[in-house]
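Remarks on the structure that follows.
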Amino acid sequence: MGESARCGDSRWVRLLGAVALTVAMVGGGTRPGHATVKYGAMQVSGSFEAQNVARDPSPTEFHFIQQRNTFRLRIDWDWLQNGNFLDKFNVPFAESSKLFMLYRGVYDSFYDIAPTENQIGQTSFDDKIGGPIAGTGSRFTQQTRSADKFENQLREIYIDTKLKDLPVSLRTGRQQVIWGESDQFRLMDIWNPLDTTWHFQQDSWDNIRIATWLAKALWDVGDVGPFSNTFVEVVYNPFDFQPGAKVDFLPRPWALPFPDPLRGGQVQQLTPDIATYLSPTFNLQGTSLRKGAFQRNPADASEVGTRVHAVTPQGLEFSLNYLYGRGRGVGAASPFAVKIHSITTNGHGPSPIGAPIDGATFLGKRVFPVAVDAEVVHPYMHIFGLTGNYFEGDFTQAVFRFESAYVMGEPFQTTNESKLVDIKNESGTVSGKAPIGFEQRDVWAGMLGFDRPTWIRWLNSKATWFLTGQAFWNYTTGAHVDQLVGNNSAGDSPYFTPHAGLPGSNTGGLGVWQGGQYNGFTERLQDSSRPGNIPGDNIRRWESLITIAGTSFYRGGTIVPFIADAFDPVNMNDEILYNLDWFATNDLIFSLQQKFFTAFGRSVPSNDPWFAGGRFTRRDETGVKITYQF
C-alpha cells in the first residue's frame, strides 16, 4: 500500500483530487498541460491563484470581502538515490532521500480597499460591535491591515529518508501529518492546527493546516500473524506546539463571527436597577489564544504520538492511535479556555467600586475600571483514537469508514458557582462573582461514514457520481454539562436590553464610548447582576452532525461539479455548498463557488459548535477563482 494511503486523508477536497486525476488520465477535450519543470533530479512546480469572494446574506446585499492572490512554488529534489547523494557521495545507511519545499506568498487587496461598512457577524449586534475594517469606529490600525494582507512563508520544508538495511522511513522538518478517516470535520487529524483566518473551514485543509516542525518515523513491519500491511508510526514534536486552531474575531471577514470576548472596552451593568457600569481590563499574563503559559522548548511544549496500522484477512484496514499533547479541540470541543485568577476594582475601604475611568462615559454614565488577571490555558491531554475502513463488495459496493477519539482533560468554560472567583476591591470587599470559571472534562467523539461510486443516469449518463456521507457525534462526560458554556455572540445573554427607563433601553443596550482610550467604539451592555451571567451558548452533552457530498465529471473531464451538505440536527442548522470547476486546459482552471447557511428561520442565534451552519446564517457567500498550474 502506498504512503498516501498510510497517511490517510481527511478532507472533502480529496474527492475533487480523485476526479482531477481521472481528468488528467482521460484528458478528453483539453489541450496538453505543461510538463513539470525538471532540472536533473529536481522537479519544480507551482500555481498562481486569484480568488474573489463576496458575502451576500440577502438578495439585496453584496459585501466584497476577499481578493486574494496566491503564488505557490513547490520543489521536489530526489537528491539521494540508490545510496548516492547528488550522484557523488555514497551514504551507506540510506537507500534514498528527498527534499520537499513548498513556498506560499499571498496578497489580499481587500485590506487595501478597506471598506468602511461593518463586517457581517452572527447577529446585527456583532456587526456593530465588530465594526468596519477602516473608518470611524474601526478597531483596526493601518499596521494591523498591513499585517493581514500579506503572507510570505516557506510553508513546508522536510526531508524524507528511507534507510538501507531497515524497513524504516523518516520524515523530519516542517510538515503536515494527516491521521484519520473523517472529511472536513476532524477527529484524529489533529497534529496540525487549523488557520481559520484563511477562510475558516470553507477551504482545502491543505491550505488551512499550519505546518509544524515534527519528526516522523515509520517502521514497515509487514505481515504479523493474520495481519498484513502492518506498520508503526511515531511522531514527535520537540518544541513547536501551536494551539489546535488559529482564530481571530470581527472585524476580520474570515474571523469567528463575533467580537473578541477578551477585548478591551466591554461594559457591564453591575445591578439591574442602578446604572453602574464596569469595564474590565484583561491581564492575560503573557498568554493568548495563540500562546500558552510555557516556553517553546522540549521541556514545556514537546508532544508525542504513535499509531499502529494493519489490515485483517477480511479486508478491514484499521489503526490504533495515541497522542499526548497540548490544546487539541477534538470533535466539537475547544482547544483552549480562559482561567480567571482574580477580579479587582480600585475601591478602598467600604467602597466596592472606587473611582471611575477619567474622562470617559458610556450611554452618558461614568464607567468604573475592573482589573481581570487571567490566562488562556492550553492543557496537556491524552487522546486515544481508533480509525478504520472496510470495502463491502457483495451488497453495497461501498467503503465504510469509522473513526473515534477519546480525550482526557479537554478545557471548558463553566458557570458552576464553585468555579467562579469573587470580584473584590483592594481591601477585600466582595461585590459579585466572575462571569465564568474553568474546568476540564473528558470528551468522546466519533464518526461513521461511507464512500461509493454510483450511477445516476439522469444526472450523468457517461460517468458515475462519487458519493460520500458521514455521521458525527460528540459526547461530553461528567455532571452539570448544562453549566458548561462556549463562545457568545453579542446577540446572546449575558448581553441584554436594559429595563425601560434606563440608558440604552431604546437602542438594544448599544452605546458608543465618549472620551478615553475606547472613544468611538460601539459596545452593548452586559448583565453582571447574576453569578455566572448565564451565557447563551450552552454546551450540550450530545452534539451531532451529518454530512453528505458528491462529485462527478462531464465533457471528457473538463467540467467537474462538487456539492455538499452539512446538517446539525441538535442545533437545527444547515450548510449547503457547491463548487463548479472548468478545466479550460489541464493547467488553467476556472471555479465558481457558492455557500448557503440557514437556521431554518429561527429568531435566536443557533450556536452550533461545529461552525457549520448556525454561526454563519448571515454569511452566505459567492466566490470566483482562477488557477494556473505549472
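The values are calculated or read from the model by the stated rules, or taken from the named source; none is laboratory data. Keep in mind the model is a prediction, meaning the values are calculated, not measured. Ideal geometry is used to build each Cβ from the backbone, glycine not excepted, and the neighbour counts take in all protein chains shown. We work out accessible area using only protein heavy atoms, side chains counted, and drop any ligands, DNA or RNA first. Shrake-Rupley method; radii C 1.70, N 1.55, O 1.52, S 1.80 Å.
Summary of computed values
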{"quantity": "Most to least packed among 104-112, 254-262 [average Cβ atoms within 10 Å]", "calculated": "254-262, 104-112"}
{"quantity": "With every protein chain in place, the range 487-604: carbon and sulfur % of accessible area (1.4 Å)", "calculated": "60"}
{"quantity": "In sequence order, calculated HN-Hα J values of the range 500-517 (Karplus, 6.51, -1.76, 1.60; Hz; x Gly/Pro)", "calculated": "4, x, 9, x, x, 4, 8, 10, x, x, 7, x, 10, 4, 10, x, x, 5"}
{"quantity": "Carbon plus sulfur fraction of accessible area for the range 85-124, probe 1.4 Å, in percent", "calculated": "60"}
{"quantity": "For the range 383-393, 3J(HN,Hα) per residue [Karplus equation, 6.51 cos²θ - 1.76 cosθ + 1.60, θ = phi - 60°, Hz, x = Gly/Pro]", "calculated": "10, 10, x, 9, 10, x, 8, 8, 8, 9, x"}
{"quantity": "Extension gain, K164 back to Q143 (0.36 nm per residue minus Cα-Cα distance, nm)", "calculated": "2.4 nm"}
{"quantity": "For the range 553-565, 3J(HN,Hα) per residue [Karplus equation, 6.51 cos²θ - 1.76 cosθ + 1.60, θ = phi - 60°, Hz, x = Gly/Pro]", "calculated": "8, 10, 6, x, x, 7, 10, 10, x, 9, 9, 8, 9"}
{"quantity": "Sparse-neighbour loop sites [chymotrypsin sites (Phe, Trp or Tyr not before Pro); the range 338-400; at most 11 other C-beta within 10 Å; DSSP]", "calculated": "F395"}
{"quantity": "Point-to-point label distance, Q314-D373, nm (Cα→Cβ direction, 7 Å offset)", "calculated": "5.9"}
{"quantity": "Solvent-accessible area per residue for the range 244-345 (1.4 angstrom probe, square angstrom)", "calculated": "36"}
{"quantity": "Accessible heavy-atom area order of F100, F239, highest first, probe of 1.4 Å", "calculated": "F239, F100"}
{"quantity": "Summed side-chain charge close to R615 - residues other than R615 whose Cβ falls under 11 Å, Lys, Arg +1, Asp, Glu -1", "calculated": "-3"}
{"quantity": "Value at 222 nm in deg cm²/dmol, rounded to 500, when DSSP H runs of n ≥ 4 in the chain each add -39,500 (n - 2.57)", "calculated": "-2000 deg cm²/dmol"}
{"quantity": "Directionally averaged projected area (convex hull, Cα atoms, the chain), nm²", "calculated": "31.5"}
{"quantity": "Nearest-10 value in Å² for the accessible area of R74, using the 1.4 Å probe", "calculated": "100"}
{"quantity": "Helix 13-26 vs. the chain, principal-axis angle (Cα, 0 to 90°, nearest 10)", "calculated": "30"}
{"quantity": "Members of K216/K462; K149/K595; K128/K339; K246/K424; K98/K149; K216/K291 lying beyond 31 Å, as alpha-carbon distances in this model show", "calculated": "K216/K462; K246/K424; K98/K149"}
{"quantity": "Positive minus negative residues near D565 (Lys, Arg vs Asp, Glu; Cβ under 10 Å)", "calculated": "-2"}
{"quantity": "Sulfur and carbon atoms: percent of accessible area, the range 236-386 [1.4 Å]", "calculated": "59"}
{"quantity": "Full-extension gain in nm, A299 to F62, via 0.36 nm per residue minus C-alpha separation", "calculated": "80.3 nm"}
{"quantity": "Gain in span if fully extended, I563 to L588, counting 0.36 nm per residue against the direct Cα distance", "calculated": "6.9 nm"}
{"quantity": "Under-5 Å amide H pairs with F64, H placed in peptide plane, nonlocal only", "calculated": "R55"}
{"quantity": "Residues in the range 153-174 that a label on V91 would reach, taking backbone N under 12 Å of a point 7 Å out along Cα→Cβ", "calculated": "159-164, 170-172"}
{"quantity": "Neighbourhood net charge (11 Å Cβ-Cβ; Lys/Arg +1, Asp/Glu -1) for V44", "calculated": "+1"}
